[in-house]
Amino acid sequence: MSILIREFKSRTALALALITFCLPGAAVADRAEELLTELATASSPEIADRAERDLFNEWSKSGSPAMDLLLKRGRDALEVSDFETAIEHLTALTDHAPDFAEGWSTLALAYYATDSLGPAMDALEHTLALNPNHFGALQGVGAIHEELGDLDLAYRAYSRVVELRPFDSDVTEAIERLETRVNGVSL
């Protein structure tokens with residue numbers, strides 16, 4: 001195993017441990033806190049979907065029209081699979097608004113789309129340092145660790161996503177897929 005992968009796994013394990021034990025909502029606004037609670041306790045997928053949409057709208061507010069425009073341009077480029085342009089816009093966004101978690105999260109998506117797992121994980125770590133409840137970033141951490149074969153960290157990340165977002169069928173399937181491989185078989 002290369003030094004880079006060992007360092008990558010070590011840093012990510014530390015980040016995941018910090019996320020697990022951080023006080024929930026330390027870096028999100030009151031409205032986002034309300035929506036997180038609504039999402040976690042939703043009684044139906046429809047209620048969860050609405051809360052999730054509203055939450056992403058809250059998280060997407062940078063407080064600056066110029067930064068919001070860079071986020072929009074980055075997302076628009078992602079929509080048409082123009083990953084190079086997306087990375088350019090989103091890198092500019094994170095350079096100018098380093099405390100804006102959604103900028104980092106969207107940059108992680110762009111890097112992941114280009115199979116740049118190291119930069120994607122770095123962007124996810126920034127996201128989670130700013131917003132420990134960002135279930136999209138946690139899901140990305142899980143996906144990258146699963147892809148790298150670190151099933152324990154993938155399972156832990158996915159488990160945290162389900163706590164925040166219980167109606168996510170993709171994550172539930174991932175947990176079921178990894179359950180026996182991580183925890184073994186109960187007798």
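The values are calculated or read from the model by the stated rules, or taken from the named source; none is laboratory data. Predicted, not measured: the structure shown is a model, and the values here were computed from it. As a convention, Cβ positions derive from the backbone with ideal geometry for all residues, glycine included, and neighbour counts pool all protein chains shown. Ligands, DNA and RNA are stripped out before the accessible areas are found, and what is left, the full protein with its side chains, is counted by its heavy atoms. Shrake-Rupley method; radii C 1.70, N 1.55, O 1.52, S 1.80 Å.
Lys and Arg at +1, Asp and Glu at -1: add these up for the other residues within a Cβ distance under 12 Å of residue 181 and post the number.
Residues close to residue 181 contribute a combined charge of -4.
Can you put 177, 165, 156 in order of accessible area, largest first, using a 1.4 Å probe?
Values: 177 120, 165 40, 156 90 Å².
Of 177, 165, 156, the descending order of accessible area is 177, 156, 165.
Taking only the alpha-carbon atoms of region 64-120, what semi-axes of the equivalent ellipsoid follow from 5 times the gyration tensor eigenvalues under a square root, in whole Å, largest first?
Details: eigenvalues 57, 33, 11 Å².
Equivalent ellipsoid of region 64-120: 17, 13, 7 Å, largest first.
Ordering 41, 94, 85 by accessible area with a probe of 1.4 Å, largest first, what comes out? If you can, show how the numbers build up before the last one.
Working: 41 100, 94 5, 85 45 Å².
Sorted descending by solvent-accessible area, the residues read 41, 85, 94.
Note down the nm distance, to one decimal, between modelled labels 7 Å out along Cα→Cβ at residue 82 and at residue 151.
4.2 nm
May I have the pair-distance distribution P(r) for region 32-187, computed from all Cα-Cα distances with 10 Å bins from 0 and rounded to whole percent?
12, 36, 36, 14, 2, 0
Pull out a ≥ b ≥ c, the square roots of the eigenvalues of the alpha-carbon gyration tensor of region 97-180, then state rounded if a/c is under 1.5, prolate if not and a/b is larger than b/c, and oblate in the remaining case. Could the numbers behind the result be given before it?
Details: a/c = 2.19, a/b = 1.43, b/c = 1.53.
Note, shape of region 97-180 comes out oblate.
Residue by residue through region 34-40, which ³J(HN,Hα) values in whole Hz follow from phi under the Karplus form 6.51 cos²θ - 1.76 cosθ + 1.60 (θ = phi - 60°), with glycine and proline marked x?
With coefficients 6.51, -1.76 and 1.60, one gets 4, 5, 4, 5, 4, 5, 5 Hz.
Using the basic label-point model (7 angstrom from Cα toward the beta carbon), what is the residue 99 to residue 114 distance in nanometres?
Each label point lies 7 Å from its Cα, and together they span 2.8 nm.
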